[in-house]
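Here is the structure we will look at.
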Amino acid sequence: MSEEPESVPVSMARGVTPDSLLHTGGTSHPSAEDLVLASGRDLTPQNLEWAQRRLAREGRAAMEKQLP
């Protein structure tokens with residue numbers, strides 16, 4: 001029988017960032033790191049700069065465009 005271990009969510013086993021690590025909403029502003037992760041990119045200095053520019057230009061809408 002091939003079952004996934006109960007302690008490791010399937011999304012984590014496949015390298016997908018769990019929703020609980022991505023946060024948006026009325027209580028906080030998304031960070032550049034949040035936007036990079038939501039876009040599926042690696043956390044590199046170039047991607048963080050891209051995210052900072054996009055957040056400065058679009059605000060919360062930048063994150064809302066990434067998440068369903």
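For segment 1-18, the candidate set comprises residues that are out of contact with any helix residue (DSSP H, G or I) (no Cβ under 8 Å at 6 or more places or on another chain) and at pLDDT 55 or above; within that set, the residue that is farthest from residue 62 (Cα to Cα) is 14. Of everything in segment 50-68 that's outside any loop (DSSP other than H, G, I, E, B), out of contact with any helix residue (DSSP H, G or I) (no Cβ under 8 Å at 6 or more places or on another chain) and not small (Gly, Ala, Ser), which residue is farthest from residue 15 (Cα to Cα)? Within segment 50-68, the match that is farthest from residue 15 (Cα to Cα) is 57.
Answer with yes or no whether residue 54 is open to solvent by 70 Å² or more (accessible area, probe 1.4 Å) and modelled with pLDDT of 70 or more. The answer is no for residue 54. The residue that is modelled with the lowest pLDDT, among those in segment 29-48 that are open to solvent by less than 40 Å² (accessible area, probe 1.4 Å) and of a type outside the set (A, V, I, L, M, F, W, C), is 30.
The values are calculated or read from the model by the stated rules, or taken from the named source; none is laboratory data. These numbers come from a predicted model, not from an experiment. Positions of Cβ are generated from backbone atoms using ideal geometry, with glycine treated the same way; all protein chains shown enter the neighbour counts. When the accessible area is computed, the model is the full protein with side chains, heavy atoms only, and any ligands, DNA or RNA have been set aside. Shrake-Rupley method; radii C 1.70, N 1.55, O 1.52, S 1.80 Å.
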